[in-house]
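What follows is a short report on a single structure.
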Amino acid sequence: MEILIDRTQLLESLNAMGDDVQSSLAMVLELYLEDAPQLVVAIGQAAAQRNFDALRFSAHSLKSSSGTLGAQRLASLCQQMEFKARSEDDSDLQGLSQQIQATYQETLATLQSPGLL
């Protein structure tokens, strides 16, 4: 199983922003918290409706933003969902959607924990 948060990737992303790492983290988390919950909901709805275009878009978006934060496990699950949407493979969409939801919650708790960096 992939690690939940790749701290090296997270630090690289934050250092690339050029500001103080802690203030960069706060800014990136704020943006992530604005978009990610909506994307998780959209993935669940698109999976239930078998709307492959919406599913592909939402999974790709969440994969990208999660990857930037080093959220490797979540990004990997989103990549799997994106692949299923691209190939219009509707096998176990609900199960994968539930995994994404649960991993998102776990990732969020870790990202907001005091000892992250």
*asked:* What does the extension gain come out to for Ser87 and Val21, with contour length at 0.36 nm per residue minus their alpha carbon separation?
replied: 19.8 nm
*Mind giving me the nanometre distance, one decimal, between the label points for Glu34 and Gln99, set 7 Å out from Cα along Cα→Cβ?*
3.1
_With equal scatterers on the alpha carbons only and no solvent term, can you work out the Debye log10 of I(q)/I(0) for the chain at 0.11 1/Å?_
-0.35
*Given charges at beta-carbon only (K, R positive; D, E negative), |dipole| of the chain in Debye*: 200
*Which is farthest toward the positive dipole end of the stretch 1-54 among Ile5, Gln38, Asn51, measuring Cα position about the Cα centre, with Cβ charges +1 (Lys, Arg) and -1 (Asp, Glu)?*
Asn51
_Kirkwood estimate for the stretch 61-117, i.e. one over the average of 1/r between Cα atoms, Å_ = 11.8
_Per residue of the stretch 22-31, what does 6.51 cos²θ - 1.76 cosθ + 1.60 with θ = phi - 60° give for ³J(HN,Hα)? Whole Hz please, x for Gly and Pro, Karplus curve as stated._
5, 6, 5, 4, 4, 5, 5, 5, 4, 5
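Read-outs throughout are calculated quantities, based only on the coordinates presented, and are distinct from any laboratory measurement. Given the structure is predicted, the values throughout are model-derived calculations rather than measurements. Cβ atoms come from the backbone with ideal geometry, glycine included; neighbour counts cover every protein chain shown.
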